[in-house]
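Written below as structure tokens is the structure these notes are about.
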Amino acid sequence: MSHDQRIDIEAATFRRLLKHLDDHKEVQNIDLMILADFCRNCLGKWYAAAAEERGVEMDYEQAREIVYGMPYSEWKDKHQPAATAEQLEAFNRRQNQTKA
């Protein structure tokens with residue numbers, strides 16, 4: 001596999017991941033954080049960092065809009081209910097485990 005083929009495959013895989021997350025809006029960021037220790041916001045941070053590393057000017061909000069397919073504030077209003085007490089408890093347990 002050539003370097004260009006690898007980059008193309010990785011880009012296609014990332015687009016597929018974003019589509020999968022978009023198709024499953026019921027999976028909340030807090031659920032992703034509890035189970036996988038990353039979420040859509042993390043992807044936005046990583047995207048912005050990768051852009052910066054390559055000399056491309058992009059802020060976090062621009063990167064999140066790419067990840068969410070719309071401004072984050074709009075996505076949050078449409079698709080993100082408040083976290084439940086159980087989710088917050090599980091999230092806090094996860095955070096304490098990763099610090100230990």
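Does segment 1-18 hold any residues that are in a helix (DSSP H, G or I) and either β-branched (V, I, T) or farther than 22 Å from G69 by Cα (or both), and which are they?
H3, D4, Q5, R6, I7, I9, T13
Quick one: which of D4, D22 is over 24 Å from R94 (Cα atoms) and surrounded by 15 or more Cβ atoms within 10 Å (Cβ to Cβ)?
Values: D4 fails: surrounded by 15 or more Cβ atoms within 10 Å (Cβ to Cβ).
The unique qualifying residue is D22.
Being within 15 Å of the chain's Cα centre (by Cα) and hydrophobic (A, V, I, L, M, F, W, C) is the filter; apply it to segment 59-100 and report the residue that is nearest to K19 (Cα to Cα).
Of everything passing the filter in segment 59-100, V67 is nearest to K19 (Cα to Cα).
Within segment 50-58, is there a residue that is within 15 Å of the chain's Cα centre (by Cα) and without any contact (Cβ under 8 Å) to a residue 60 or more places away in the chain?
Taking segment 50-58 as the starting set, the residues that turn out to be within 15 Å of the chain's Cα centre (by Cα) are 50.
Retained after the next criterion (residues that are without any contact (Cβ under 8 Å) to a residue 60 or more places away in the chain): 50.
Yes - at least one qualifying residue is present in segment 50-58.
Only the coordinates and a few stated rules stand behind these numbers; no lab work does. Please read all numbers here as calculations on a predicted model, not as lab measurements. No Cβ is skipped: glycine too gets one built from the backbone with ideal geometry, and neighbour counts run over all protein chains shown.
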